[in-house]
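To keep things clear, I will list the structure first and then write my remarks on it.
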Amino acid sequence: MLTGYHVAVIGGDARQIELIRRLNEWDATVYLAGFDQLNESFREAIDLDFDSDQVEKLDAIILPVPGTDSEGKIEGIFSNQLIHLSEEWLKRTPAHCQVFSGIANDHLKDLASKTNRTLIPLMDRDDVAIYNSIPTVEGTLMLIIQHTDFTIHGSKIIVLGLGRVGMSLARTFDHLGAKVSVGVRSSKAAARVYEMGLEPIDMKDMAKADMSCDILLNTVPHLVVDASVIKQLPSHAMILDLASKPGGTDFRYADKRGIKALLAPGLPGIVAPKTAGRIIADVVSRIVQKGSRKENE
Ligand code: NAP
C-alpha cells in the first residue's frame, strides 16, 4: 500500500492509465498533469498545480517512458498542454523525492544532478526490461504474423543479441517450432545459446557466417544488420528491428534490395499498455516504499 505517499504523474500515454489506477488502488495521493483530454476521469486524483505547495509534499514524480525532450518538455497524448520540468520547480520538491522515467536523456540526468534528486530510468533496470520483454515478444509475433505469408513453425529465424529481449525472443520462437540461430559476440553467450539447443552465430564475423534466414530479428542498438548481412537474405525475408531508434539496420540498403525491413519501437505500449503500465506501477511502488537509491539487485 502507498497510504501517505504523494505521487505526481506528469504526461504519458495509455500505460499511465493503468499506473494511475494502481496508485489509486494502493491509496497513494495522486496528482495529475497532462491528462485533461482523457475521457476517463480519476475521481480520487488531484490536478497538479505547479505553483501551489503540492510540490513540497511529493515523494515521487513519474514522467512518461521517454522522459523529457532535450529542453525539458514533457509529452503526453492526453493533453495539448505544454509541460516543462524546470530546475526551480524540481528544487521545491522534498530532498527525498524520486523522479521516475522510462529512459533518461542528458537533459534529464543534468536536471537531476543539479537539483540533487534521485533519477530512476526504469528501462535500465533488469527487472523492468525482463518483464517488458514479454509484451515485446508478443508484439513481435503480431508483426511477423501480419507481415509474412508463411508460418513461424519451420521458419529459419536469426535473433541478434542475447540480452533481456533477445533471450525471450529466442526461447519463444524455438518453442513455436522455428529453427532459431542467435547472433552473439562473447563466448559466454555462445555457450548459453548452445545450452539452449540453438545455433550460435559469431557476430564479430557475420560477413562470413551463414545469415540466410526467413526472419531476422535485431535487438542490438548498433548498426549490425549492414549490407554484408542483408545481401545474404532471400528476397522473401523480413527484418524486424526492435532495437531503440534508429535501430541497427541499414534500412536504405534493405529497401534497395527489396527486403521488407521494419523498425518496431515501443511494442509493450502498443500491444499491451495495461500490462506495461502494471509493470511500471509494481516497480515504482516497491522503490517508493523502500525509498532506496540503488535497488537494482
Ligand atoms: P540488453 O539486455 O542490453 O541486450 C543487448 C544485446 O545487444 C546484448 O546481447 C549485447 O551483447 C548486444 N550488443 C550490444 N552492443 C553490441 C555490438 N556492438 N555488437 C554485438 N552485440 C552487441 O538490451 P535489451 O533489454 O535486450 O534491449 C535490446 C534493445 O531493444 C534496446 O535497444 C532496447 O531499447 C530495445 N527494446 C525495444 C523494445 C521494442 O518494443 N521494440 C522493447 C524493449 C526493448 P553483450 O551481452 O555481449 O553486451
Do we find a residue being touching a strand residue (DSSP E or B) at 6+ places or on another chain (Cβ under 7 Å), at pLDDT below 95, more than 20 Å from residue 251 (Cβ to Cβ) and outside any helix (DSSP H, G or I) anywhere in region 203-210?
-> yes
Search result, residues across region 224-238 that are among the small types (Gly, Ala, Ser) and more than 16 Å from the ligand (Cβ to nearest atom) = 227, 235, 237
In region 76-112, what residues are closer than 27 Å to residue 4 by Cα, in a helix (DSSP H, G or I) and not hydrophobic (A, V, I, L, M, F, W, C)?
-> 87, 88, 91
If you go through region 242-260 one residue at a time, how many are touching a helix residue (DSSP H, G or I) at 6+ places or on another chain (Cβ under 8 Å) and near the ligand (Cβ under 9 Å from one of its atoms)?
-> 1
Restricting the search to region 149-160, which residues are part of a loop (DSSP other than H, G, I, E, B), closer than 17 Å to residue 212 by Cα and either of a type outside the set (Val, Ile, Thr) or near the ligand (Cβ under 10 Å from one of its atoms) (or both)?
-> 150, 153, 154, 155
Go through region 113-123 and give me each residue that's crowded, with 16+ Cβ neighbours inside 10 Å and either under 21 Å from the mean Cα position of the chain (by Cα) or assigned to a helix (DSSP H, G or I) (or both).
-> 115, 118, 119, 120, 121, 122, 123
Answer yes or no as to whether residue 184 is surrounded by 22 or more Cβ atoms within 10 Å (Cβ to Cβ) and without any contact (Cβ under 8 Å) to a residue 24 or more places away in the chain.
-> yes
Please work out which one of (1) touching a strand residue (DSSP E or B) at 6+ places or on another chain (Cβ under 8 Å); (2) more than 16 Å from the ligand (Cβ to nearest atom); (3) free of Cβ contacts under 8 Å to residues at least 60 places away in the same chain; (4) among the hydrophobic types (A, V, I, L, M, F, W, C) is the condition residue 95 fails and give its number.
-> (1)
Among strands (runs of 3 or more DSSP E) entirely inside region 1-74, those with 2 or more residues being charged (D, E, K, R) and touching a strand residue (DSSP E or B) at 6+ places or on another chain (Cβ under 9 Å) are none
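Looking for something surrounded by 13 or more Cβ atoms within 10 Å (Cβ to Cβ) and free of Cβ contacts under 8 Å to residues at least 40 places away in the same chain - is there at least one such residue anywhere in region 287-294? Can you show your working first?
First pass over region 287-294, keeping only residues surrounded by 13 or more Cβ atoms within 10 Å (Cβ to Cβ): 287-289, 291-292.
Narrowing the set further to residues that are free of Cβ contacts under 8 Å to residues at least 40 places away in the same chain leaves 292.
The answer is yes; a qualifying residue exists.
Considering only region 207-214, I want to know if a residue exists there that is within 12 Å of the ligand (Cβ to nearest atom) and either in contact with a Pro (Cβ under 9 Å, 6 or more places away or on another chain) or not hydroxyl-bearing (Ser, Thr, Tyr) (or both). Lay out the reasoning, then the answer.
Let us first name the residues in region 207-214 that are within 12 Å of the ligand (Cβ to nearest atom), namely none.
No, because not a single residue in region 207-214 is within 12 Å of the ligand (Cβ to nearest atom) and either in contact with a Pro (Cβ under 9 Å, 6 or more places away or on another chain) or not hydroxyl-bearing (Ser, Thr, Tyr) (or both).
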Restricting to region 261-282, what's the tally of residues that are in a loop (DSSP other than H, G, I, E, B) and either in contact with a Phe, Trp or Tyr (Cβ under 8 Å, 6 or more places away or on another chain) or more than 13 Å from the ligand (Cβ to nearest atom) (or both)?
-> 0
Run down 18, 44 and say which single residue is surrounded by 19 or more Cβ atoms within 10 Å (Cβ to Cβ) and out of contact with any His (no Cβ under 6 Å at 6 or more places or on another chain).
-> 18
Region 163-189 - residue that is in contact with a Gly (Cβ under 8 Å, 6 or more places away or on another chain) and closer than 21 Å to residue 134 by Cβ and, of those, farthest from the ligand (Cβ to nearest atom) | 177
Residue 56 passes all but one of the listed conditions (1) touching a Gly at 6+ places or on another chain (Cβ under 7 Å); (2) over 22 Å from residue 280 (Cα atoms); the exception is number (1)
Within region 70-116, which residues are within 26 Å of residue 37 (Cβ to Cβ) and among the small types (Gly, Ala, Ser)?
-> 70, 72, 76, 79, 86, 101, 102
Looking at region 213-239, which of its residues are closer than 19 Å to residue 200 by Cα and in a strand (DSSP E or B)?
-> 215, 216, 217, 218, 225, 239
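The values are calculated or read from the model by the stated rules, or taken from the named source; none is laboratory data. For clarity, every value in this text was computed on a predicted model and none was experimentally measured. A quick note on method: Cβ atoms are made from the backbone with ideal geometry, for glycine too, and the neighbour counts reach across all protein chains shown.
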